[in-house]
Amino acid sequence: MSDTIKGDWPLYEVFVRGKRGLNHVHVGSLHAADDQMALTHARDLYTRRNEGVSIWVVRSEHIAASTRDEKDPFFEPSADKVYRHPTFYDIPDDVPHI
Amino acid sequence: MRFGAQEFFRGPGQPFTITFGHRVLLPRENHVTLEPNEWSVGKLVSMATTHSAEAPDRDGLQEHFDATIARDQRIEPRDWMPDGYRKTLIRQIAQHAHSEIIGMQPEGEWITKAPSLRRKAILFAKVQDEAGHGLYLYSAAETLGADRADLTTRLIEGRQKYSSIFNYPTLSFADVGVIGWFVDGAAICNQVPLCRSSYGPYARAMVRICKEESFHQRQGYELLLTMMRGTDAQRAMVQDAVDRWWWPSLMMFGPPDDASPNSAQSMAWKIKRHSNDELRQRFVDMTVPQADKLGVRLPDPELRWNEARGRHDFGTPDWDELKRVITGNGPCNDRRMERRRTAHEEGAWVREAATAHAAKQAARAKDGAAA
């Protein structure tokens, strides 16, 4: 019996666009036999109260993720480039619109 | 461990975009060096240990974990975490998920018997929500490396538990109202603090669930208000349901603090935010005025307002009864488990058919591409 249970539907990650003008945001995961069923299940599970106008589903195994942990040096290159931020630049207070 | 469900676009407990926003909007006076703020402390810890590509030693990981908890930030799926933390979470989240799934039964029995189309539709939506809550929670458990099918097997084989409350029968339609009012009310007391639980996916699932529980509680209370405006027989039904559900509802918060040995560790890990007794007290304080408004009597002779404490005093639930129900000897344990097992087994052909269909479609698509 546990064999039929293990005849498992693959895991999908679900991304929902809450409304026009917003990005799709990851909301959770679910199991489904195929893409179409994943979309239907995602609708039933994550948008029962008009939480979305568009849904993406993608097999979890197809996602490449960056780091094991947030302290991973992967993000180091952005840490020392303060000149990328507008606050790096001193502008006299009396210069308008900047 | 298999590749578990993922969590993307995240900062510590926040969508990634928000984290990024904080990074960009550094205070003006910090513009020369990027001073560590609450979003970047993880980096500091890493600099204190090692910059090399090799994993820091185990102690460094533990320290990093402890520091994240101490700062009240969220632990996320791919972070290192102690085995005990992972196991405790899987057990708690699975038990919570099972409760939602088994919790469909007591009220589900009333869908066909509800007295109007309006009540049927409401009940249908509520029971569907319970299924949804179970699935949000299984999804959260899967981010810890648990497998949903395996958790279901554990439930069906009686190796994992669900809330004691669902082992009581729903004898009249008033029970549907009282479950919404008491059981979902108690669940809200329990779950609102869990929205700040230290494990990100669990906390986010709780946010979603709490939003929906509010509908559950209100539909129950409204149902009871309607019945209380009805006949004497209807009012008696409400009082009877209140009498039967009050004590089991108080037991939902678990054993008293001095008999709950795992609570301290869960609170240190910030998985749990308040003790069982504190949550029980909150539920009583919240419910008493609602009972007054409704015009029912809560069946506790010791229940009274304590001016000095600014809270209600109340009697002690029958802990032996809780023990009996938890260990499988409640009024409906066998029925609930049997129903869940049957539903799972009778649904097997659907799962298999969907798998076969998907395989056939995939093969056709492949052939079509080759041709």
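Just so you know, all these numbers are worked out from the coordinates, no wet-lab data involved. Every value quoted in this text rests on a predicted model; they were computed, and no experiment measured them. Neighbour counts are summed over all protein chains in view; Cβ atoms, including those assigned to glycine, are modelled from backbone coordinates with ideal geometry.
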Legend entry - trypsin sites (Lys or Arg not before Pro) restricted to DSSP loop in segment B:287-371 with at most 14 other C-beta within 10 Å: B:Arg297, B:Arg309
Inset, instruction - Could you work out how far the C-alpha centroid of segment B:59-90 sits from that of segment B:280-307, in angstrom? - result: 39 Å
Legend entry - Distance between segment B:94-133 and segment B:313-330 - C-alpha centres, whole angstrom: 25 Å
Inset, instruction - Pick out, from B:Val242, B:Ser260, B:Met206, the residue whose Cα sits farthest towards the positive end of the charge dipole of segment B:193-274, with +1 on the Cβ of Lys and Arg and -1 on the Cβ of Asp and Glu. - result: B:Met206
Inset, instruction - Tabulate in residue order the Karplus-calculated ³J(HN,Hα) for segment B:63-69, using 6.51 cos²θ - 1.76 cosθ + 1.60 with θ = phi - 60°, rounded to whole Hz; enter x for Gly and Pro. - result: 4, 4, 4, 4, 5, 4, 5
Legend entry - trypsin sites (Lys or Arg not before Pro) within segment B:73-166: DSSP coil, no more than 14 neighbouring Cβ in 10 Å: B:Lys113, B:Arg159
Legend entry - Estimated inter-spin distance, A:Asn50 and B:Thr226, nm [label 7 Å along Cα→Cβ]: 2.3 nm
Inset, instruction - Provide the per-residue ³J(HN,Hα) series for segment B:298-306, in order, calculated from phi with Karplus coefficients 6.51, -1.76, 1.60 and θ = phi - 60°, each as a whole number of Hz, with x at glycine and proline positions. - result: 7, x, 9, x, 8, 6, 7, 6, 10
Inset, instruction - Mind giving me the FRET efficiency for A:Ala65 and B:Asp320? R0 is 60 Å, r the Cβ-Cβ distance, nearest 0.05 is fine. - result: 0.75
Inset, instruction - Grab the other residues whose beta carbon is less than 14 angstrom from that of B:Leu298, score K and R as +1, D and E as -1, and report the net. - result: -2
Legend entry - Fraction of the pair-distance distribution of segment B:58-168 above 25 Å, Cα-Cα pairs, percent: 38 percent
Inset, instruction - List every residue whose amide H lies under 5 Å from the amide H of A:Leu11, counting only residues 5 or more places away in sequence or on a different chain, with H placed 1.01 Å from N in the peptide plane. - result: A:Ser60
Inset, instruction - Estimate the FRET efficiency between B:Arg341 and B:Ala370 by the formula 1/(1 + (r/R0)^6), using the beta-carbon distance for r and 51 Å for R0, to the nearest 0.05. - result: 0.70
Legend entry - DSSP-loop GluC sites (Glu not before Pro) across segment B:215-307, with at most 16 other Cβ within 10 angstrom: B:Glu302, B:Glu307
Inset, instruction - Any of B:Lys161/B:Lys360; B:Lys211/B:Lys270; B:Lys87/B:Lys120; B:Lys161/B:Lys211 with alpha carbons more than 28 Å apart? Name them for me. - result: B:Lys161/B:Lys360; B:Lys87/B:Lys120
Inset, instruction - Note down the nm distance, to one decimal, between modelled labels 7 Å out along Cα→Cβ at B:Ala121 and at B:Arg309. - result: 4.5 nm
Legend entry - Charge dipole of segment B:327-371 about the Cα centre (unit charges at C-beta), most positive-ward option of B:Ala362, B:Val350, B:Asn333: B:Ala362
Legend entry - R0 of 45 Å, Cβ-Cβ distance A:Glu76-B:Asn262: FRET efficiency to nearest 0.05: 0.70
Inset, instruction - Can you put B:Thr112, B:Thr170 in order of Cβ neighbours within 10 angstrom, beginning with the fewest? - result: B:Thr112, B:Thr170
